[in-house]
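Have a look at the structure below before the remarks.
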Amino acid sequence: METKNIIAAIALSSAVIVLYSLFFLPEQSTTKKNLAEKNKIEQNNDTPSLDQKETLIEISREDALKQSQRIQFENQSIIGSISLKGAAIDDLTFKNYNTTLESNEKVKLLSPRNVKNGYLIESGFVTSNKNIDIPNSDSIWSIIGNDKLTDQSPIKLSWANNQGIVFEKEISLDDKYLFTIKQSVINSTNNNYDFYSYGQIIRNKIPEISNFYILHEGLIATLDDELIEEDYDDIQEKKFSRTSQKGWLGIGDKYWITSLIPPREKEFKTTFDYKKKFRANFIATEPLELKGKSKVEEKLQIIVAAKRVDIIDGYAKSLNIDKFDLVIDWGFLYFITKPLFFGIDYFFKLLGNYGLAIIAITICIRLAFFPLANFSFRSMAKMKALQPEMVRLKELHKNDKMKLQQEMMALYKKEKVNPMSGCLPILVQIPVFFALYKVLFVTIEMRQMPFYGWIHDLSERDPTSLFNLFGLLPYDVPSFLVIGAWPVAMGVSMWVQQKLNPAPTDAMQAKIFMFFPLFLTVILAPFPSGLVIYWTINNVLTMAQQVFIMKRTTVKTTT
């Protein structure tokens, strides 16, 4: 019995340590050794640099948008504009997402470069021939034909130098989040030139980030089948560069992604760096040969999207973008987390509420683990029934510990009881618990989704507090005392469940186990309310199954 209690205590303590380390320890900024070699900067002296000197004066977003002529774009998902100065996509708002639950203000992701939170996308061509003028961030482009970009009508931009070369961009937009840019260079002279296509994302500063160990926010790519994740502080310390044959790159927030998909079937060099601003860019390693009286053209794609699973997976499949679904940080439990999301989403479509969907998936999880839980609970029921006999043996052999252990082992063998089986339900639930937390934390589908009563956002903590009687008393409490009704219900259900288990014979162990539900209630109170609902319902179902099994389990012992 003591062995069983020690093992259970170790399992519970380990769960707490893992929970604490995953959700409360600050993220470490050190670069991983196994990526150090792969992140060596690759130099190609033949490829021109994308560096451009510029002097900017920070102004408000509204004033910045008025500084240059713009082409408006709009579809059912996004609205914004493209600046004719530099032909940059630097103004984008999500039409279907509010900044907060209480506000009607929409989420604005992209902003012009001279705004404090400037965030924009550029593309074009560069050349190693320093005698050729090419468009830069100050160049003013002209509109050819249609002056508004929609999912039904593309636009065309043009810029010409004084050396007989014209640069053109044809930009189209689908009905969601995809921009397709066909960019070309037209040579009206008899001279030959080399041009390299590029695309880059520029972000002036680090945004507000969750800074949680389980979520990556920052620069991201998949290059030749390998996922690359670089934090902002890592790039401030060291530049990343790699040449690859296929892939994509971008900058990811918790719920939003800005990404570039380079021209297909061509080698390109991806670079993440920081020079007073963050840049994620690609540049072709092989030039396009522009002969006299001819034209060269390349196509790239830009996705600036809310990280909806159906949208991201849809683009990954329809555009054949390798591992693009990893812009959503499913984590190392990918094989559990993503199927769990699809299960919850299925029940949401069936029931119309994500809270009910979480309850439904909880029932399914219990059914899946039913045989294992049955075995464990039968063993625990027998252990509880054997407690009087174990107390008798302990009293009988109190001076001979070796004999006591032998008699206990003989009793376990006779009654076919495994003292370690009580740990199984806890150990099995841990990866599911983490996976569900991940789903609630990273998927935008759960964002601002209500349950019933006082739960208005399942991805946020229960807003009520025990210390003002859940809102009945007219005062607010400090955030560390916000222990809501659902966490309290979870703690009570855990305490009741504990009473159904065999009590430790050691007094100190008994006190530790009694304290554990209170400890977890405080620890889990700040967690998403959807997760606490799952844990509470899971406890209730576990207790119902345990009571049923215990009533059917009898143990005959000799006295």
Charge tally for neighbours of residue 111 with beta carbon under 15 Å away, counting Lys, Arg as +1 and Asp, Glu as -1, is +2
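For the pairs 148/275; 66/338; 148/277; 108/349; 66/317, flag any whose C-alpha to C-alpha distance is greater than 32 Å.
Pairs exceeding the cut-off: 148/275; 66/338; 66/317.
Apply 1/(1 + (r/R0)^6) to the Cβ-Cβ distance of residue 243 and residue 129, taking R0 = 25 Å, and write down the FRET efficiency to the nearest 0.05. Could the numbers behind the result be given before it?
Values: r = 22 Å, r/R0 = 0.89.
The formula returns an efficiency of 0.65 here.
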Segment residue 105-residue 69, extension gain: residue separation times 0.36 nm, minus the distance between their alpha carbons
10.5 nm
How far is it, in nm, from the label point at residue 116 to the one at residue 500 when both lie 7 Å from their Cα along the line to the Cβ?
5.4 nm
Does the range 217-332 come out rounded, prolate or oblate, given a ≥ b ≥ c as the square roots of the eigenvalues of its C-alpha gyration tensor, rounded meaning a/c under 1.5 and, failing that, prolate meaning a/b above b/c?
oblate
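Given Cβ point charges of +1 (Lys, Arg) and -1 (Asp, Glu) and nothing else, what value in debye, to the nearest 20, does the dipole of the range 295-335 about its Cα centre take? Kindly include the intermediate steps, with their values, before the conclusion.
Values: 6 positive and 7 negative charges, 19 e Å.
Here the size comes out at about 100 debye.
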Whole-Hz Karplus ³J(HN,Hα) for the range 266-278, in order, using 6.51 cos²θ - 1.76 cosθ + 1.60 and θ = phi - 60°, x for Gly and Pro?
9, 6, 9, 10, 9, 9, 10, 8, 9, 9, 6, 7, 8
FRET efficiency for residue 206 and residue 79, Cβ-Cβ distance as r, R0 = 25 Å, nearest 0.05?
0.45
Computed magnitude of the charge dipole of the range 89-150 (debye, nearest 20; Cβ of K, R +1, Cβ of D, E -1)
100 debye
Per residue of the range 431-444, what does 6.51 cos²θ - 1.76 cosθ + 1.60 with θ = phi - 60° give for ³J(HN,Hα)? Whole Hz please, x for Gly and Pro, Karplus curve as stated.
x, 5, 4, 4, 5, 5, 4, 4, 4, 5, 7, 9, 8, 5
Which of rounded, prolate or oblate describes the range 280-340 when judged by the alpha-carbon gyration tensor and an a/c cut-off of 1.5?
prolate
Cβ-defined net charge surrounding residue 355, 15 Å radius [Lys, Arg +1; Asp, Glu -1]:
-2
What spacing in nm lies between the two simple spin-label points modelled at residue 299 and residue 276, each 7 Å away from Cα in the Cβ direction?
3.8 nm
Quick calc, the range 233-280, dipole around Cα centre from Cβ unit charges on Lys, Arg (+) and Asp, Glu (-), nearest 20 debye, gives 180 debye
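Please work out whether the range 109-208 counts as rounded, prolate or oblate from its C-alpha gyration tensor, where a ≥ b ≥ c are the square roots of the eigenvalues and a/c under 1.5 means rounded, while otherwise a/b larger than b/c means prolate and anything else oblate?
Cα axes put the range 109-208 in the oblate bin.
Every number in this text was worked out from the coordinates using simple rules, so none of it is lab data. In this text the structure is predicted, and so the values were computed from the model without any measurement. Glycine gets a Cβ as well: all are built from the backbone with ideal geometry, and neighbour counts include every protein chain shown.
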